[in-house]
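What follows is a single structure, written as structure tokens, with notes after it.
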2 protein chains.
Amino acid sequence: MEIQIAVAKINKYAVSESGDTLEVVERPNGGLSVVLADGQTSGRGAKVISTLVVRKVISLLAEGVRDGAAARAASDYLFTERSGKVSATLNIISVDLQTSTLVITQNNPSPVLIAREAKMECLNSESQPIGTSRNIRPSICEIPLEMGLTVVVYTDGVTHAGERSGKSLDVCTVVDALLEDANPSPQEIADALLAHAVRLDEGRPSDDISVVVLRAMPMTGDAVRRMTVRLPVSPI
Amino acid sequence: MEIQIAVAKINKYAVSESGDTLEVVERPNGGLSVVLADGQTSGRGAKVISTLVVRKVISLLAEGVRDGAAARAASDYLFTERSGKVSATLNIISVDLQTSTLVITQNNPSPVLIAREAKMECLNSESQPIGTSRNIRPSICEIPLEMGLTVVVYTDGVTHAGERSGKSLDVCTVVDALLEDANPSPQEIADALLAHAVRLDEGRPSDDISVVVLRAMPMTGDAVRRMTVRLPVSPI
């Protein structure tokens with residue numbers, strides 16, 4: 001089996017910095033974690049917040065701290081740093097090779113989609129964004145890593161896409177249609193979902209949008225770990 | 001213009017953990033850094049060392065510390081932690097969007113290849129691995145980010161490939177041939193180089209091998225940032 005993870009990420013229209021921050025880190029006991037935070041508002045201020053949250057989480061995960069504890073720590077840290085005045089959403093998706101499970105930690109009202117075999121599930125937990133009070137708890141879900149598992153996580157730029165024109169995006173239906181179609185790669189799913197959202201916003205995203213898709217696929221070929229990153233830069 | 005980065009990484013034959021650690025992080029002032037460390041020996045012990053080094057470097061870079069200072073700090077830290085008894089090689093490749101340059105920081109006797117237009121250069125600096133004494137300096141090279149720039153960085157698993165059978169890999173020639181051929185993606189270059197090394201080791205890599213390739217390519221399509229990760233896992 002191999003785990004494939006894809007990320008697609010675009011800034012709010014005419015804003016040079018994304019308020020969403022995403023990092024992928026190795027777990028000290030095997031596997032990796034994807035950490036995604038969306039800072040309140042957009043631009044430079046939001047970037048500072050989401051960066052602060054993601055850095056805290058990845059440094060704790062790197063020390064072997066459990067995901068839930070890392071999310072609580074990030075919340076208390078943000079609360080202390082910003083006197084409870086600023087919030088951020090946080091998602092941690094961990095491939096834990098020690099337990100052979102996927103651990104999904106949410107402090108984000110946007111749902112997480114989980115598709116197994118032909119069944120699609122929507123983790124629509126009651127979780128709160130972090131940073132605004134003490135004792136904020138993440139919602140945590142642990143599922144076995146099994147072939148065909150697909151997980152889709154996104155920031156609220158997807159949820160709010162099309163609001164300006166009274167439309168909205170049914171993420172479940174889009175992902176379901178993609179999965180029925182063929183055997184799409186995670187990048188195809190992430191790109192399609194992002195493109196849908198941007199289309200609803202008439203080509204001018206009204207918020208930063210990030211989409212993360214993880215799939216457990218049959219092993220194709222060798223035992224090489226691979227990573228690719230594409231970073232568009234303005235003409236210089 | 002867009003920057004594409006690709007990584008290919010394989011473990012030493014019959015060893016479950018790689019002594020090479022690689023992380024990609026966002027830079028606080030724009031751009032990103034790839035940090036690659038190779039811990040002395042292989043397996044669990046080497047992994048602990050390379051992780052310790054990479055963590056130190058990425059946490060400093062995240063705070064805005066310059067690459068050279070981060071490398072020196074990591075060296076002193078490793079020296080102090082392990083009483084100078086353990087060494088590691090370190091490479092930092094940074095896309096700095098503030099200065100529109102690529103900054104290559106080396107504490108690694110393995111050369112770094114830089115191809116611009118039709119010219120191939122081999123950065124064969126006198127840099128020492130970190131951790132074995134005080135005052136170890138990195139060698140630093142800063143070059144403008146320009147179209148067609150290709151940079152190839154690797155750990156000594158590539159340099160030593162084939163030694164068991166008296167063969168060796170001329171990385172320059174391999175990369176040159178690939179670049180002349182067509183317009184290969186960074187992943188194609190990384191995969192080809194890794195495959196060459198594994199072939200010289202008769203399918204059983206005698207050390208952990210990591211290859212990082214960065215290219216500045218013409219912008220293809222949208223302004224979406226993308227990342228994909230492939231993680232092979234043993235059958236569970």
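The values are calculated or read from the model by the stated rules, or taken from the named source; none is laboratory data. Given the structure is predicted, the values throughout are model-derived calculations rather than measurements. In this analysis, Cβ positions are derived from the backbone assuming ideal geometry, glycine residues included, and neighbour counts consider all displayed protein chains. Ligands, DNA and RNA are stripped out before the accessible areas are found, and what is left, the full protein with its side chains, is counted by its heavy atoms. Shrake-Rupley method; radii C 1.70, N 1.55, O 1.52, S 1.80 Å.
Classify the range A:57-150: rounded, prolate or oblate, from the alpha-carbon gyration tensor (a ≥ b ≥ c, eigenvalue square roots; a/c under 1.5 rounded; otherwise prolate if a/b is larger than b/c)? It would help to have the intermediate numbers written out before the result.
Details: a/c = 3.41, a/b = 1.61, b/c = 2.11.
It comes out oblate by the Cα gyration axes.
Could the peptides A:118-125, B:65-72, A:220-227 be put in order, highest first, of the mean number of other beta-carbon atoms found within 10 Å of their residues?
Working: A:118-125: 13.2, B:65-72: 19.5, A:220-227: 16.1.
Packing order, densest peptide first, comes out as B:65-72, A:220-227, A:118-125.
Counting only protein heavy atoms and rolling a 1.4 Å probe, how much accessible area do A and B lose on contact, total for both sides, in Å² to 100? Numbers along the way, then the final one.
Values: alone 11930 and 11950 Å², together 19110 Å².
Interface between A and B: roughly 4800 Å².
Compute the separation of the alpha-carbon centres of the range B:134-162 and the range B:96-118 and state it in Å as a whole number.
The range B:134-162 and the range B:96-118 have Cα centres spaced 6 Å from each other.
If each label sits 7 angstrom from Cα along the C-beta direction, how far apart, in nm, is B:GLU202 from its counterparts in the other copies?
Its label point is 6.8 nm from the equivalent points in the other copies.
Given R₀ = 30 Å, what would the calculated FRET efficiency be for A:THR220 paired with B:ILE140, taking r from the Cβ atoms and rounding to 0.05? Can you show the working numbers first?
Numbers: r = 39 Å, r/R0 = 1.30.
Between A:THR220 and B:ILE140 the formula returns 0.15.
Quick one: net charge around B:GLY68, please, counting Lys, Arg +1 and Asp, Glu -1 for every other residue with C-beta under 11 Å from its C-beta. Let's see the in-between values first.
Working: positive: B:ARG66, B:ARG72, B:ARG137; negative: B:ASP67, B:GLU142.
Summing Lys and Arg as +1 and Asp and Glu as -1 gives +1.
Given a 1.4 angstrom probe, I'd like the percentage of the accessible area of the range B:50-152 that is carbon and sulfur, rounded to a whole number. Write down the numbers at each step before the final one.
Numbers: 2120 of 4390 Å².
Carbon and sulfur together cover 48 percent of it.
Return the average number of partner chain Cβ atoms within 10 angstrom of each residue Cβ along peptide A:212-225. Before the final figure, lay out each step's value.
On the way: counts 1, 1, 2, 0, 3, 1, 0, 4, 2, 1, 7, 8, 14, 13.
Taking the mean over all residues of the peptide, I get 4.
Which shape class applies to the range A:36-95: rounded if a/c is under 1.5, otherwise prolate when a/b exceeds b/c and oblate if not, where a ≥ b ≥ c are the square roots of the Cα gyration tensor eigenvalues? Intermediate values should be presented prior to the final figure.
Details: a/c = 2.23, a/b = 1.59, b/c = 1.40.
Here the range A:36-95 falls in the prolate category.
Measuring from a point 7 Å out along Cα→Cβ, what nm distances, shortest first, does A:ASN183 have to its partners in the other copies?
Computed spacing set for this position: 3.1 nm.
Average the reciprocal distances over every distinct pair of alpha-carbons in chain A, invert the result, and give the Kirkwood radius in Å. It would help to have the intermediate numbers written out before the result.
On the way: mean 1/r = 0.0554 Å⁻¹.
One over the average 1/r among Cα pairs gives 18.0 Å for chain A.
How large is the accessible surface per residue of the range A:1-85, computed with a 1.4 Å probe and reported in Å² as a whole number? Working shown, then result.
On the way: 3060 Å² over 85 residues.
On a per-residue basis, 36 Å².
With point charges of +1 on the Cβ of Lys and Arg and -1 on the Cβ of Asp and Glu, referenced to the Cα centre of chain B, which listed residue (B:ALA197, B:PRO138, B:MET1) lies farthest in the positive direction of the dipole?
Positive-most Cα among the choices belongs to B:PRO138.
Kindly write out, for the range B:209-223 in residue order, the coupling ³J(HN,Hα) from the Karplus curve 6.51 cos²θ - 1.76 cosθ + 1.60 (θ = phi - 60°), rounded to whole Hz, with x marking Gly and Pro.
In residue order, the calculated couplings are 10, 10, 10, 10, 10, 10, 9, 9, 10, x, 4, 10, x, 7, 9 Hz.
Give me the net charge for the shell around B:GLY39: Cβ to Cβ below 11 angstrom, other residues only, Lys and Arg +1, Asp and Glu -1.
Numbers: positive: B:ARG44, B:LYS47, B:ARG82; negative: B:GLU17, B:ASP20, B:ASP38, B:ASP208.
Around B:GLY39, the surrounding residues sum to -1.
Would you mind calculating the relative contact order of chain B from Cα pairs under 8 angstrom and at least 6 residues apart, reporting the percent as a whole number?
Details: 512 pairs, mean separation 57.2, N = 236.
After rounding, I find 24 percent.
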